[in-house]
Structure formats: structure tokens, C-alpha cells
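Below is one structure, written out as C-alpha cells; comments come after it.
The values are calculated or read from the model by the stated rules, or taken from the named source; none is laboratory data. Just so it is clear, the structure is predicted and the values come from calculations on it, not from any experiment. Glycine also receives a Cβ, built like all others from the backbone with ideal geometry; neighbour counts cover every protein chain displayed. We work out accessible area using only protein heavy atoms, side chains counted, and drop any ligands, DNA or RNA first. Shrake-Rupley method; radii C 1.70, N 1.55, O 1.52, S 1.80 Å.
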Amino acid sequence: MSKMISVQFKNGEKKQYHNGVSLLQVSAERQVQYETPIVAAKVNNDIKDLQFKLETDCLVEFFDLKTDLGNKVYQRSLTFVLIIAAKTLFPKGEVTVEHSLSKGLYCELHIGRKITPDDISRLQAEMSKVIEEKRPILLKSVPIAEGTRLFAEAGQAEKARHLKQMKRERIRVYYCGDVYGYFYGMMAPNTSYTPVFSLQYYEPGFILRFPQASEPEKLPVFAEQRKLADIFLEAERWGSILQCDYVATLNEYVERKEIADIIRVAEALHEKKIAQIADFVAQHSNEARVILVAGPSSSGKTTFAQRLNIQLRVNGVRPVPISLDDYFVNRDSTPVDENGTPDFEAIEAIDLKLFNEHLGRILKGEAVEVPFYNFKTGKREFNGHMIQIEKGQPLIIEGIHGLNERLTQVVPREQKIKIYISALTQLSIDSHNRIPTTDTRLIRRIVRDSEFRGHDAITTLAMWASVRRGEEKNIFPYQEEADIMFNSALIYELGILKKYAEPLLADVTSDKEEYSEARRLLNFLNYFRSIPDEDVPPNSILREFIGQSCFYK
């Protein structure tokens with residue numbers, strides 16, 4: 001008779017099970033407590049596939065489609081369904097997952113000719129068939145040599161090269177019939193878990209659309225993001241210039257000691273783009289009174305604004321900065337979110353009335369005493385700091401609300417240039433596993449918070465969900481309002497950040513709720529070879545996070 005084990009659930013309940021029971025079996029009886037299908041679990045704070053078998057006493061927490069983790073499993077499983085359907089219709093073709101776009105994934109189908117809307121309609125119909133058939137998705141652990149051979153024989157050279165570089169004995173491969181894949185994360189137990197989706201033709205590829213965690217039963221309204229799509233195309237061109245599309249290629253540059261040249265070219269691409277933006281601003285200097293720089297957390301806004309300032313001076317334009325932080329309302333007046341927690345990222349956390357009053361007066365040429373926000377006392381102070389501009393001097397305003405017209409409502413739209421900045425990585429793990437931009441920014445923030453704010457990784461990870469909610473509410477809806485977009489990602493940066501982030505993440509112990517996310521990021525960083533940072537120039541955006549920037553003393 002098999003040994004019994006004790007399983008404790010998140011709500012405090014405990015139950016005895018036979019040793020070797022799978023999470024899928026346990027989830028079947030717990031499903032009545034969830035509104036949507038359970039697709040993943042944490043065992044002692046470590047994320048596990050539902051096929052995982054329990055062999056010791058443990059704490060189990062299940063995740064359904066209404067959670068961020070569950071939504072990621074949905075996206076990944078749906079992508080696998082797409083690959084399966086494409087393999088059936090176009091046996092010699094290949095699907096590549098390029099980047100996120102319009103609350104979906106922009107993908108391309110390579111079949112030796114230009115794809116048509118009819119191709120996409122057929123592909124969607126085949127995906128629906130795969131989903132209806134409830135085909136099992138099975139996880140197998142195979143020796144890494146076998147996995148490398150499988151993908152090499154399947155013509156997926158970048159996956160084979162990537163696996164060769166991994167210092168592991170075995171890898172996890174998912175199978176669905178005769179189709180298999182290596183994925184960065186967990187899958188659903190079978191194809192029926194992903195019924196809500198659509199494919200939208202989007203030349204030269206298509207967008208794989210899926211529900212959001214907030215409403216897993218329906219697709220979100222489609223919102224065109226043509227400007228963001230263009231900046232991703234630019235990122236693709238930058239990757240081609242650097243001849244570095246995948247992590248395996250980046251690692252090869254490191255191994256051949258050629259990475260310093262990649263760093264120099266990547267930084268030159270940034271400098272050229274910033275100079276072009278400065279040229280645009282200078283050409284509109286007669287009408288442009290305010291330059292607004294906005295972007296999500298850890299996008300490099302501060303360094304970008306400094307470098308733009310220098311390039312504008314090269315053009316004979318002398319901008320004057322205003323800090324939005326100094327216009328925070330007193331802390332006891334900060335708005336609260338739905339949980340009653342102070343919401344420092346809400347636009348109402350800024351004294352809009354005072355800010356616009358000062359903005360209007362400054363633009364009229366008046367000398368204005370601007371406040372200083374004392375973060376220790378949580379109050380604004382006035383200590384004699386005056387701002388006055390001359391004719392032709394624009395103001396540079398940097399902050400998350402820069403694209404929102406409410407921030408600068410006293411200034412006519414034609415007198416503003418809005419710049420959106422984010423880290424939109426050009427690099428992918430392989431053709432089916434992109435690097436989420438949020439992962440790059442999170443790793444940047446973990447390193448920066450440790451280097452400059454005295455925060456450990458647990459603190460940063462614990463607040464990240466709140467930061468992301470603020471971005472979804474206050475930044476992303478306004479992206480397409482930007483006149484210019486700047487991609488602050490550097491193709492080599494994760495190799496640099498690795499040595500800073502790994503010890504911080506390794507300090508997160510298994511008794512902490514943030515452990516699973518720390519483990520996931522550690523596994524992700526394990527894909528990269530470490531890159532020495534002596535070749536990173538002092539004006540690099542990356543220096544904002546790792547230190548020794550020429551802009552900060």
C-alpha cells in the first residue's frame with residue numbers, strides 16, 4: 001500500500017493523498033472552488049506543471065485563468081496549438097513568434113511566399129480543430145543531447161544551438177502527438193484549455209489574439225498600435241545590423257571575445273537615434289514649447305532625457321528640465337487604490353492645478369519659484385529654486401504621465417512633443433520563445449533598486465504587480481499618442497545584468513511568496529553568458545541601473 005502524504009492548500013485546508021498523486025488529479029477535485037480552469041500550481045512556492053507528482057508533504061496553491069500566471073500558461077499553450085496547426089497545413093513552413101502587440105502576439109508564417117488572409121483563415125480553422133479534439137500535451141524529461149538532436153533534425157537550428165550552450169543534463173520537452181517543442185514555462189494539460197482566440201491578418205504576418213486575465217472568457221477589443229509596431233520593426237532592423245537575433249548568437253559573440261564590438265555598435269545605434277530625435281525637436285523649436293518624456297518603470301527615461309538634452313544643445317537648443325516628482329501632493333493627500341493602498345502612480349498623486357499654473361507662467365516668460373518634494377517628510381517645500389526661460393528654450397518634463405493630456409492641459413497640443421520610451425528587446429530565446437519586455441525591465445529594476453535604493457529582490461518583486469497595474473492604467477493606453485518612440489533596450493544588456501541580478505535573486509528563500517518568480521528569473525538568466533561591464537560607456541542607459549553613469553554623482 002502506498003505511503004500517504006499531507007497536502008495543505010492556500011486557504012489552510014489539509015488533506016491526505018496517496019504518494020505519487022498528480023497535481024492534475026488533485027486540481028480536479030479543487031476545481032469547484034475556482035471560476036475558470038486551473039492550469040498551473042505552486043508546490044512549496046515553486047511553479048509546477050499539473051503533470052507533476054506529489055511525493056512528500058507540501059503546500060499547494062493552484063492558479064486558474066484569472067491569474068497572471070494562468071494567463072501566461074494560456075498564451076504559451078495557445079502558441080503551441082498554433083505551431084501544431086501550422087505543421088499540419090504547411091509541413092515545410094515555420095511559425096515565428098516575434099513580439100507582443102495590441103494585447104496579442106505578432107507572429108509570422110514562413111512558407112516561401114507572401115501569406116494571404118486566406119492562409120490565416122485556414123490556420124485559425126485548423127487551430128479550432130486541434131482545440132476541439134482535446135489533444136493531450138505531455139511533458140517529458142530528456143537528456144540534453146537527445147533534445148539537441150531532435151531540434152537539429154527538425155531544422156530548428158537556433159534551438160539546437162541554444163541547447164548545446166545550456167549547462168544542464170536534461171531538459172523539459174512538451175509533446176502533442178508527433179509535434180514537440182521546448183518552451184520557457186508551463187503548459188496546460190491538453191489543447192482544450194485554449195478555446196478563446198483569434199488570428200488577425202497583420203501584414204506581413206498576423207496577430208495571435210487571446211483573453212486577458214481580467215476577462216478570460218472573451219477577447220479584448222482590438223486596438224491598433226501602428227506606431228508601436230513600427231518601433232518593433234526598427235528593433236528587428238537593429239538586430240539584423242548587429243547580426244544577433246537569438247540568445248545563442250549573443251553567447252557565441254561572448255565566447256569568441258567579440259562582444260565589445262557588439263556593445264559599441266548597439267550604443268552607436270542609440271546615439272544615432274537620440275540625435276535624430278534631437279534634430280526633429282530642433283526643426284520644430286519655434287512651435288514646440290514642451291518636450292514630454294514618458295515610459296514604464298526602468299525604461300531609462302532619466303538617462304535618455306540627459307542624452308537628449310546634450311544632443312539638443314548640439315543643435316543650439318537649450319532645454320530646461322522640470323521634475324514632476326516635485327509636484328507630488330503631500331503624502332497624506334495621496335489617492336488610494338481599490339485596496340486602500342496609497343497609489344503613487346495615479347495622475348491625481350500630482351498636484352495638477354499647481355503644476356499647470358506654474359507651467360503656464362513659465363511659458364509666458366515669468367520667473368517662477370518651483371517646489372522641492374521632501375520624500376522624508378512627504379511634503380512639498382519651497383526653498384527659493386527659480387525657473388525662468390528665454391525665447392526658444394523648451395521645457396523637458398520626464399515622468400510616467402507625460403503622454404496624458406491632463407498633465408499639461410494648459411499647453412496646446414501643437415506646442416508639445418511627446419516621446420515614449422521603453423525597453424523593447426530585439427533578442428529572442430528562439431523562434432517560439434520571445435523575451436518579454438517586462439522581464440528585461442524587472443531585472444533592470446531589481447539591480448537598480450539594490451544598487452541605489454537599498455532594496456533587496458524580495459522588496460522589488462513584491463511591488464512589481466502594483467507597478468504593472470499602474471503602467472496598464474496610466475501609460476500603455478496613451479502609447480499611440482506619442483509623436484516619437486525610442487527603444488531603450490540594448491541587445492547585450494542581459495549578459496551584463498546577469499552578474500548583478502543572480503546573487504540578489506538567489507537570496508530569495510523558498511519560504512517567501514516571491515520565490516517562484518525569483519527561480520523563474522534565475523532560470524532565464526542562466527540562458528546568458530556573463531559579459532564584463534568595462535566596455536559599457538559611462539553615458540549608456542544601462543549605467544542608470546548598474547552604476548558609474550557620467551550623469552549621476
Exercise. Roughly how tilted is helix 117-132, in degrees to the nearest 10 and between 0 and 90, from the longest Cα axis of the chain?
Worked result: 50 degrees
Problem set entry | For region 351-465: relative contact order, % (alpha-carbon pairs under 8 angstrom, 6 or more apart) | 16 percent
Exercise. Based on the alpha-carbon gyration tensor of region 369-417 and its eigenvalue square roots a ≥ b ≥ c, which shape applies: rounded if a/c is under 1.5, prolate if not and a/b is larger than b/c, or oblate?
Worked result: oblate
For this session: Figure the gain on full extension for Tyr201 and Lys473 (residue separation times 0.36 nm, minus the Cα-Cα span) and round it to one decimal in nm.
Result: 95.2 nm
For this session: Mind grabbing the accessible area of Glu236 for me, 1.4 Å probe, Å², rounded to tens?
Result: 80 Å²
Exercise. Can you pull the percent of the chain's accessible area that's carbon plus sulfur, 1.4 Å probe, other chains left in place?
Worked result: 49 percent
Problem set entry | Charge sum, other residues only, whose C-beta stays under 14 Å from Ser431's C-beta, Lys/Arg counted +1 and Asp/Glu -1 | -3
Problem set entry | HN-Hα J in Hz across region 192-206 - Karplus 6.51, -1.76, 1.60, θ = phi - 60°, x for Gly and Pro | 6, 6, 10, x, 9, 6, 7, 10, 10, 4, 8, 3, x, x, 7
Problem set entry | Principal-axis tilt of helix 226-241 within the chain, Cα atoms, nearest 10 degrees | 80 degrees
Exercise. Ser323: net charge of surrounding residues, Cβ under 15 Å, Lys/Arg +1, Asp/Glu -1, itself excluded?
Worked result: -4
Problem set entry | Pairs from Lys218/Lys301; Lys92/Lys114; Lys10/Lys134; Lys53/Lys129 whose Cα-Cα separation, in the structure shown, is over 24 Å | Lys218/Lys301; Lys10/Lys134; Lys53/Lys129
Exercise. Taking the simple approach of a point 7 Å from Cα along Cα-to-Cβ for both Asp325 and Asp535, what is their distance in nm?
Worked result: 3.3 nm
Exercise. So how much slack lies between Lys53 and Ser240, counting 0.36 nm per residue of separation and subtracting their Cα-Cα distance, in nm?
Worked result: 62.9 nm
Seminar exercise, completed: Projected onto the charge dipole of region 1-104 (unit charges on the beta-carbon of Lys, Arg, Asp and Glu, signs +1, +1, -1, -1), the Cα from Gly70, Leu82, Leu50 with the largest positive-side position is that of Leu82
Seminar exercise, completed: Taking 392-402, 483-493 and ranking on average Cβ neighbours within 10 Å, highest first, one gets 483-493, 392-402
Problem set entry | Separation of the Ala462 and Phe551 label points, Cα + 7 Å toward Cβ, nm | 3.0 nm
For this session: At 0.36 nm per residue, minus the direct Cα-Cα distance, what do Lys512 and Asp68 gain on full extension? Give it in nm, one decimal, please.
Result: 158.0 nm
For this session: With θ set to phi - 60°, apply the Karplus curve 6.51 cos²θ - 1.76 cosθ + 1.60 along region 360-374 and write out the HN-Hα couplings as whole Hz, x wherever there is a Gly or Pro.
Result: x, 5, 4, 5, 7, x, 6, 7, 10, 7, 9, x, 10, 8, 8
Problem set entry | Label-point separation, Asp118 to Val410 (7 Å along Cα→Cβ), nm | 6.1 nm
Problem set entry | Dipole in debye (nearest 20) - the chain, about Cα centre, beta carbon charges: Lys, Arg +1; Asp, Glu -1 | 700 debye
Exercise. What shape does region 161-285 take by its C-alpha gyration tensor, where a ≥ b ≥ c are the square roots of the eigenvalues and a/c under 1.5 counts as rounded, a/b above b/c as prolate, and the rest as oblate?
Worked result: oblate
Exercise. If you take the square roots of the eigenvalues of the alpha-carbon gyration tensor of region 208-278 and sort them as a ≥ b ≥ c, do you get rounded (a/c under 1.5), prolate (a/b over b/c) or oblate?
Worked result: oblate
Problem set entry | Ranked by how many other beta carbons lie within 10 Å on average, peptides 40-51, 310-321, 509-520 from highest | 40-51, 509-520, 310-321
For this session: Rounded to the nearest 10 degrees, what's the angle between the helix 515-525 long axis and the longest principal axis of the chain, both from Cα atoms, 0 to 90?
Result: 80 degrees
Exercise. Taking R0 as 45 Å, what's the FRET efficiency between Met166 and Phe382 from their Cβ-Cβ distance, rounded to 0.05?
Worked result: 0.20
